[in-house]
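Accompanying notes for the structure given below.
The values are calculated or read from the model by the stated rules, or taken from the named source; none is laboratory data. Bear in mind that the values here come from a model prediction, so they are computed numbers and not experimental data. Because the Cβ atoms are built from the backbone with ideal geometry, glycine has one as well, and the counts that use them run over all protein chains shown. Heads up: the accessible areas ignore ligands, DNA and RNA and are worked out on the full protein's heavy atoms, side chains in. Shrake-Rupley method; radii C 1.70, N 1.55, O 1.52, S 1.80 Å.
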Amino acid sequence: MRGLTARWRAWRGDRRRAVRLLRRLLVLATAAVMLLGAATLASVSWVRDAAEGHVFDAADVPETPVALVLGTKVEPDGTPAPFLAARLEIARQLYAAGKVRVLLLSGDHMDWDYDEPDAMRRWLVERGVPVERTVLDHAGFDTYDSCVRAHRVFGVRRATVVTQSFHLPRAVALCRDAGIEAVGVGDDTARRYADQWRVSSTREYGACVKAAVDVLTRRDPVHLGRRETAVDDALRA
């Protein structure tokens, strides 16, 4: 009987310790969720405030020397996926309308067999944009890198940022923080890909938190590199 009593007391003690541990974990989890929520709210507010008044339709956007066209997915056959093609069409329209003079095509070329900037150039040249009016940035691995490199590597001071509308406020905010007098034009035609649009729009909340961290830490791009004159040369051409 004494053995049973001892085991019963030990079990009750273990149970109390487990309950206390569970309570602590719940408190920590609740605090973490609240902290993440506050960080997300603050980051999204910063993005929206920074971009306010700088987002336009293609017809109304002020003229700037450069369009910074942000890359995204390219299909295995080397053609731009629908989201990227929509961005490129806006860039083509801006160039044709004289709203910009040079297109800086910034995207991912980390792997030898995946090349967003060259795919972007081919698409534009096939549709009438002179090749000498395009400049490639092969190290635009994310929006922050593209904006910082546009300013520090290519010397861009004023630009029109082109991307999807859900992404545009963050892109404009990051470029303005990087030192570019940036305005932006966003694509809405890709909304017809409803599932992808919804997923990408939802991810934007987390991307705003990352953007705020990038700005606060002032990290260098993955590949910064030396100053290049390609944009200056294209503007003089």
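Within the span defined as segment 215-226, one or more residues are within 16 Å of ALA42 (Cα to Cα) and either touching a residue at least 12 places away in the same chain (Cβ under 8 Å) or within 14 Å of the chain's Cα centre (by Cα) (or both). If you go through segment 75-99 and pick out every residue that is part of a helix (DSSP H, G or I) and open to solvent by less than 30 Å² (accessible area, probe 1.4 Å), you end up with 9. Taking segment 100-127 as the range and being open to solvent by 10 Å² or more (accessible area, probe 1.4 Å) and under 17 Å from THR64 (Cβ atoms) as the test, only ARG101 passes. Within segment 104-115, residues that are in contact (Cβ under 8 Å) with a residue 24 or more places away in the chain sit with their Cβ atoms under 9 Å from residues that are assigned to a strand (DSSP E or B) and hydroxyl-bearing (Ser, Thr, Tyr), at 6+ positions apart or across chains, in these pairs: LEU104/THR134; LEU105/THR134. Taking each residue of segment 189-213 that is without any contact (Cβ under 8 Å) to a residue 40 or more places away in the chain and looking for partners that are assigned to a helix (DSSP H, G or I) and open to solvent by 50 Å² or more (accessible area, probe 1.4 Å) with beta-carbon atoms closer than 7 Å, six or more apart or interchain, yields TRP197/ARG191. Exactly one residue out of LEU105, LEU68 is within 23 Å of GLY206 (Cβ to Cβ) and either of a type in the set (A, V, I, L, M, F, W, C) or touching a Cys at 6+ places or on another chain (Cβ under 9 Å) (or both): that is LEU68.
For segment 115-137, indicate whether the set of residues that are more than 25 Å from GLY53 (Cβ to Cβ) and aromatic (Phe, Trp, Tyr) is non-empty. Yes, the conditions are met somewhere in segment 115-137. Applying the criterion of being open to solvent by less than 100 Å² (accessible area, probe 1.4 Å) and not hydrophobic (A, V, I, L, M, F, W, C) to the residues of segment 45-56, the residue that is farthest from GLY186 (Cα to Cα) is SER45. Of everything in segment 128-144 that is open to solvent by 20 Å² or more (accessible area, probe 1.4 Å) and part of a loop (DSSP other than H, G, I, E, B), the residue that is nearest to ALA178 (Cα to Cα) is ASP142. Cβ-Cβ distances below 6 Å connect the following pairs, each with a first residue in segment 76-93 that is farther than 18 Å from TRP197 by Cα and of a type outside the set (Val, Ile, Thr), a second residue that is open to solvent by 10 Å² or more (accessible area, probe 1.4 Å) and not in a helix (DSSP H, G or I), and a separation of six or more residues or different chains: ARG92/ARG127; GLN93/ALA58.
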